[in-house]
Amino acid sequence: MSAAGTDAAVRARPIGVFDSGVGGLTVLRALRAAMPAESFLYLGDTARLPYGTKSNHTVVRYAIQAADELVERDIKCLVVACNTAAGAALPAMRERYGSLPVIGVIEPGARAACEATRNGRIAVLGTDSTVRGGAYTRAILALNPQAQVSAIACSVFVALAEEGWTEGAVAAAAAARYLQPLLKDAAATPDTLVLGCTHFPVLAAVIAAVLGGGVRIVDSALTTAIAVRAELERGGLLRTSATETAVGAVAGNELKFLATDGVERFAAIGGRFLGQTIDPAAVELIDL
């Protein structure tokens, strides 16, 4: 095969996306919008969620097992669409997979927040584990040591997102309860807020309504998609046309799902996050 043919074959490989469950489908949705010619392979480790209740050692082990499954399926880039896994396992993954691009959701979100803020006050909404681990705070302070970071655990948001209660009185009441501490002192109110959980973008509208127009919301799904596209462009790996073909390569725009348990539930709930119906028959059940 010619060098050009080899390059085309590499570009035609799918992008692997990994999460402990269905929340990472918001990242997949943003990735597909940013790179419509690409094919994607999504793995949700639904048998072992939530990762947030596990020890750091266990999270790293689970994440590596899931990533190995994707790497064995010949992906060209790995996206860690799980805040807990990105905070705990990203260094180990980058060391393990060598030249394979490995991108997590935390670094792009932190960078975007630092670029967006005008007063240096940044709030992060996440799950208990993400807030407790402090990965966003560390990433933000590494970029801007003068930043003032407030982190709030919003676990009820996860349940609301999975139930589809993303608007209305219940969602608004939960948002008001969580966000009220940020609004008590106008002089100390953050001007930038990071949605530090992949479940939270579906609640962005109700969060914005509580905060008002003066606070910029950073969606880590969107910022991750931008980072992945830029990384692929730098490495000559971006597929710009779904019709670009090579020997043994698949056509572009393919979308495949893997789950470790609950295929029916994965499809039913996942469709809300992806923004389109998922056929349970299209989800491959695997064992890690």
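The values are calculated or read from the model by the stated rules, or taken from the named source; none is laboratory data. Fair warning: this is a prediction, and the values are worked out from it, not measured in the lab. Counting neighbours? That spans all protein chains shown, and the Cβs are built from the backbone with ideal geometry, glycine included.
Give me the residue from the stretch 28-52 that is in contact with a strand residue (DSSP E or B) (Cβ under 9 Å, 6 or more places away or on another chain) and farther than 22 Å from Ala89 by Cα and, out of that set, surrounded by the most Cβ atoms within 10 Å (Cβ to Cβ). Once the filter is applied, the top-ranked residue is Glu38. Across the stretch 254-267, the number of residues qualifying as over 20 Å from Arg32 (Cα atoms) and either touching a residue at least 40 places away in the same chain (Cβ under 8 Å) or within 19 Å of the chain's Cα centre (by Cα) (or both) comes to 4.
Yes or no, residue by residue, for (1) modelled with pLDDT under 95; (2) closer than 16 Å to Val206 by Cα; (3) part of a helix (DSSP H, G or I); (4) outside the structural domain of Arg111 (by TED's automatic domain parsing):
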{"site": "Thr137", "(1), (2), (3), (4)": "no, no, yes, no"}
{"site": "Ala142", "(1), (2), (3), (4)": "no, no, yes, no"}
{"site": "Gln146", "(1), (2), (3), (4)": "no, no, no, no"}
{"site": "Val149", "(1), (2), (3), (4)": "no, no, no, no"}
{"site": "Ala159", "(1), (2), (3), (4)": "yes, yes, yes, no"}
{"site": "Glu162", "(1), (2), (3), (4)": "yes, yes, yes, no"}
{"site": "Ala174", "(1), (2), (3), (4)": "no, yes, yes, no"}
{"site": "Leu182", "(1), (2), (3), (4)": "yes, yes, yes, no"}
{"site": "Val194", "(1), (2), (3), (4)": "no, yes, no, no"}
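When the stretch 233-283 is limited to residues that are acidic (Asp, Glu) and either within 26 Å of Val22 (Cα to Cα) or not in a helix (DSSP H, G or I) (or both), the one that is modelled with the lowest pLDDT turns out to be Glu244. When the stretch 80-106 is limited to residues that are among the small types (Gly, Ala, Ser) and part of a helix (DSSP H, G or I), the one that is farthest from Gly21 (Cα to Cα) turns out to be Ala92. With respect to (1) within 24 Å of Leu179 (Cα to Cα); (2) in contact (Cβ under 8 Å) with a residue 60 or more places away in the chain, the lone exception for Gly134 is condition (2). Taking (1) outside any loop (DSSP other than H, G, I, E, B); (2) touching a strand residue (DSSP E or B) at 6+ places or on another chain (Cβ under 7 Å) in turn, Thr198 satisfies each apart from (1). Touching a residue at least 60 places away in the same chain (Cβ under 8 Å), surrounded by 13 or more Cβ atoms within 10 Å (Cβ to Cβ), in the same structural domain as Gly52 (by TED's automatic domain parsing) and closer than 18 Å to Leu125 by Cβ: does that describe Phe273? When the stated conditions are applied, Phe273 passes them.
Taken as a whole, the structure places Ala110 among residues that are surrounded by 22 or more Cβ atoms within 10 Å (Cβ to Cβ), under 17 Å from the mean Cα position of the chain (by Cα) and at pLDDT 95 or above. Checking Ile64 against (1) surrounded by fewer than 23 Cβ atoms within 10 Å (Cβ to Cβ); (2) at pLDDT below 95, which single condition isn't satisfied? That leaves (2) as the condition not met. Pick out the one residue from Thr130, Thr166 that is of a type in the set (S, T, N, Q), touching a helix residue (DSSP H, G or I) at 6+ places or on another chain (Cβ under 8 Å) and either at pLDDT 95 or above or not in a helix (DSSP H, G or I) (or both). After applying the criteria, what remains is Thr166. Pairs needed: first member in the stretch 52-77, in the same structural domain as Glu254 (by TED's automatic domain parsing); second member anywhere, charged (D, E, K, R) and assigned to a helix (DSSP H, G or I); C-beta distance under 8 Å; at least 6 residues apart or different chains. Here the result reads Gly52/Asp128; Ile64/Arg96; Ala67/Arg96; Lys76/Arg11; Cys77/Glu231, each pair linking the stretch 52-77 to a residue that is charged (D, E, K, R) and assigned to a helix (DSSP H, G or I). For the stretch 135-153, a tally of residues being buried (at least 16 other Cβ atoms within 10 Å of the Cβ) and under 20 Å from Gly104 (Cβ atoms) returns 11.
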